[in-house]
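Single-structure report; data block below.
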Amino acid sequence: MDLFRQNPAAEAYIGTRLRSGRLVLHVAVAAETLTGIRDRAERRQFDALCDQTRTLIPSGADWTLALRLCCVYARVSGTDWVDCLVAASAIRLGLPIATINEKHFRPIKGLTVIRPY
């Protein structure tokens, strides 16, 4: 949401990744973002972002691992099932997660977390 609200740090980070072709958008993150959109302008920005990124669709194995992660981390760190699903996909593919919500992801073993700004 920072990107759609003209946060310069978010614009710089995401812009750099878009230009390099290294931005992957998990479908669960896209859905969460879509539910927080406030107006048509933000929706247009969201649609433009989706057009420029690769969408990561979770596999069956991701769902299974997400359930295991929830069992371990939901109570400890407040990590919800969506975070667990995103983490499971990232672990399977060896991709880092860039987030300003580090609290929910840092405890997960085998996951690389980047604070983008």
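Sorting 29, 86, 76 from the fewest to the most surrounding beta carbons within 10 angstrom yields 76, 29, 86.
Rounded to two decimals, what ratio of Rg to Rh does the chain give with C-alpha atoms and a Kirkwood Rh?
Answer for the chain: 0.96.
Computed over the Cα atoms, what is the radius of gyration of segment 24-90 divided by 2.2 N^0.38 Å, N being its residue count?
On the way: Rg = 13.7 Å, N = 67, 2.2 N^0.38 = 10.9 Å.
Relative to the rule-of-thumb radius for its length, segment 24-90 sits at 1.26.
Residue-normalised convex hull volume from the C-alpha trace of segment 58-117: 65 Å³ per residue. Can you give me the Cα centroid spacing of segment 1-21 and segment 47-117 in angstrom? Rounded to whole Å, the Cα centres lie 19 Å apart.
What is the chain's relative contact order, in percent, from Cα pairs under 8 angstrom and six or more apart in sequence?
Numbers: 125 pairs, mean separation 26.0, N = 117.
Over the chain, the number comes to 22 percent.
The magnitude of the dipole of the chain, with charges of +1 and -1 set on the Cβ of Lys/Arg and Asp/Glu and taken from the Cα centre, is near 260 debye.
Are there any trypsin sites (Lys or Arg not before Pro) in segment 49-117 that are in a DSSP loop and have at most 12 other Cβ atoms within 10 Å? List them by number. Please report the intermediate quantities before stating the final value.
Working: sites: 54, 68, 75, 92, 103, 109; in loops: 109.
When the trypsin sites (Lys or Arg not before Pro) of segment 49-117 are filtered for loop state and at most 12 Cβ neighbours within 10 Å, 109 remain.
Quick note: the coordinates plus some simple rules give every number you see, no bench work behind them. What you are looking at is a predicted structure, and each value in this text was computed from that prediction instead of being measured. Note that each Cβ is placed from the backbone with ideal geometry, even for glycine, and that neighbours are counted across all protein chains shown.
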